[in-house]
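The structure appears below as structure tokens.
The values are calculated or read from the model by the stated rules, or taken from the named source; none is laboratory data. Keep in mind that what you see is a predicted model, and the values were worked out from it rather than measured. Using ideal geometry, Cβ is built from the backbone for each residue, glycine included, and neighbour counts are taken over all protein chains shown. The accessibility values were calculated without ligands, DNA or RNA, using every heavy atom of the protein model including side chains. Shrake-Rupley method; radii C 1.70, N 1.55, O 1.52, S 1.80 Å.
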Amino acid sequence: MKLYNRLFHYVPDGKHNGYIAVILSAISAISVMYGYLLLYRFLRNTIIDGDFSLAKTLSLKTVFFLTIGALMYFLSSLFAHKLGFRLETNLRKKGIDGLTNASFRFFDLNPSGIIRKTIDDNAAKTHSAVAHMIPDNSQAFLVPVLALVLAFYISMWVGIVILLLTALGALIFKKMRGGGEFMQQYQDSLQVLSGETVGYVRGMQVIKIFRANVESFKNLYKAIKNNSKYALDYAKSCKRPYILYQWLFFGAIAIIVIPLSFLLHRITEPRALVVELFMVLFLSGVMMISFMRIMWAKTNMFNAQYALDSLETIYGEMQKDKLAYGKMDTMNHYNIDFDHVTFRYGDNKIFDNLSFQLEEGKIYALVGHSGSGKSTIAKLLSGFYKIDAGEIKIGGRSLEDYTKETLINNISFIFQESKLFKKSIYDNVALANKTASREEVMEAIRLSGCDEIINKFEEKEQTMIGSSGVYLSGGEKQRINIARAMLKNSKILIMDEANASIDPDNEYELQNAFKKLMKGKTVIMIAHRLSSIRSVDEILLLENGKIIERGTDKELVEKGGKYKELVALYDNANEWRVQDERVL
């Protein structure tokens, strides 16, 4: 019931289907066993008493109650499946809602393949548990009790035989279950295998294009080996008990006949013995099916428990480290202040007591080697992560004082990889400001230099991105992204390697679009191309999560520190050329 309560918690409006399924399943069990009672009376009247007057009535009643039992079981399964589908749907919806509002740290720490398979596979497991477990559980535990009662009603020795078969079957059945520890290991390995498979398939293009290392293949191979090992070990452990289990129930009559053959001369009522042997045959089959149902019920219950634990764990992780929002909906000014900020990814500390200030209306550049913390500063400022200690302020107030909408409206983020949706060019720009008029959207398209892009297509701004014959370069996609940022018109603009992949054909237009976009805003640029940041108001050089140098390009070069070394390395790299050597 504890498991059922947990499951029903996710389908509050569908619990009645579960209760109806239980009642119908119980009616099914009672009807079936009553049908077997009528069958016994039919055999007794015809074989022992030789009375055929009630044969037709008893046979019709037997068929009727067995049919009613089957029909009730079908209806029970129907209601249980309805509940199972609703439960599966609700669990997936909860997963989608959780992903929509999850912290960015969650996505950093959990591979997308694992997330997807955890939600999909475990939601499906709960469906199987509910759809089949509710009808089968009632049958599995009610039918054996009624069968034992009927067996002792028939005769003492029939009751003893069925009781012995039940006891032996239970002992053998226990050997087949493998234990909870094994099931935990098997399910863990299966979940890892599913996630690694998805991750490997989705990463194939990366391996082909960029010749990435074979770590993902090694992980997949290891997951396959572990899963196959647990599956094989379990199959081997169940082999002998399962064969013995089948031999016991299928051969029950043959086993009983052997000792009976030595006692035939003492049997005074052979016809009664025949009837009782028939009933032992029927009831042993009932007990065998019940044990199989119990086995599947136990498996489904474990799977449901495991699935819920996995889902609730990942639901909880989605909500960890989320930024808490306040009630302020306006910013007095746009000065930015990092006040003794400490932040870590897992056990890896990125910043320790980091402090600096940025004035509104200026353009800043963050430079440094990969892993120095440039992008992390931008993400923390945007509220993507919750810091471990310290405070981040905009306009003299903590980020957590503002509403979520206020932060979204006042901060724009342009990434290196532009993300466009399968919508028209117009809709891709318009989604930045749902209240914008058509004139405002078209003005943003014009200012970003997208006129040249839309004029290539017959349907102009209504051209569907991703449709046949519509191809956009990286620079063209970035210009659409800039149009989106222009329409949003946030006061703080963060550009994370936004011009890193500019193609020559779009460089001039993009640079013009960037200048228009940055005008009158507080801008934070993250760039490896030092030539694109030399005119900014101030450069911050980061190393190992600390700001080691700060100033204009001229000031830092004259200082002769780390920044000057980076400039020299950058200039040398730009002078590299591939020599044309011909071997004669």
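Output the pairs from 174/229; 374/519; 125/225; 117/546 with a Cα-Cα distance over 31 Å in this structure; if there are none, say none. Before the final figure, lay out each step's value.
Numbers: 174/229 21 Å; 374/519 22 Å; 125/225 23 Å; 117/546 38 Å.
Where the Cα-Cα span goes over 31 Å, the pairs concerned are 117/546.
Output the peptides 85-96, 60-71 sorted from most to least packed, where packing is the average of other Cβ atoms within 10 Å over each peptide's residues. It would help to have the intermediate numbers written out before the result.
Working: 85-96: 18.2, 60-71: 16.2.
My ranking of the peptides, most packed first, is 85-96, 60-71.
Averaging sequence separations of C-alpha pairs under 8 Å and six or more residues apart, then dividing by the length of the range 6-71, give the relative contact order as a whole percent. Could the numbers behind the result be given before it?
Working: 45 pairs, mean separation 25.6, N = 66.
Computed over the range 6-71, the figure is 39 percent.
What are the residues whose amide H is under 5 Å from the amide H of residue 414, where those residues sit 5 or more places off or on another chain and H is modelled from the backbone?
494, 495, 496
Carbon and sulfur: what percent of the range 284-405's accessible surface (1.4 Å probe)?
Working: 2480 of 5400 Å².
For the range 284-405, the apolar C and S fraction of the accessible surface comes to 46 percent.
At a 1.4 Å probe radius, carbon and sulfur cover how many percent of the accessible area of the range 58-183? Working shown, then result.
Numbers: 4320 of 6140 Å².
With neighbouring chains kept in place, the figure for the range 58-183 is 70 percent.
Please work out how much accessible surface residue 461 shows to a 1.4 Å probe, ignoring ligands, DNA and RNA, in Å² rounded to 10.
Rounded to the nearest 10, that gives 20 Å².
Please sort 121-133, 401-413 by packing, taking for each peptide the average over its residues of neighbouring beta carbons within 10 angstrom, highest first.
Details: 121-133: 22.7, 401-413: 18.1.
Taking the mean over residues of other Cβ atoms within 10 Å, the ranking is 121-133, 401-413.
Taking amide hydrogens as modeled 1.01 Å from N in the peptide plane, which residues meet the under 5 Å criterion relative to residue 390, leaving out close sequence neighbours?
HN-HN under 5 Å from residue 390: 342.
Quick one: check the C-alpha center-to-center distance for the range 108-154 versus the range 293-311, whole angstrom.
Centre-to-centre distance over Cα atoms comes out at 6 Å.
Whose amide H sits under 5 Å from the amide H of residue 463, counting only residues 5 or more places off or on another chain, with H placed in the peptide plane?
Answer set, sorted by chain and number: 425, 426.
Per-residue HN-Hα couplings for the range 62-77, Karplus 6.51 cos²θ - 1.76 cosθ + 1.60 at θ = phi - 60°, whole Hz, x for Gly and Pro?
Once rounded to whole Hz, the list reads 4, 4, 4, 6, 5, 5, 4, x, 5, 5, 5, 5, 4, 5, 4, 5.
Grab the other residues whose beta carbon is less than 12 angstrom from that of residue 545, score K and R as +1, D and E as -1, and report the net. Mind dumping the intermediate values first?
Values: positive: 344, 349, 374, 546; negative: 352, 543.
Once positives and negatives cancel, what remains is +2.
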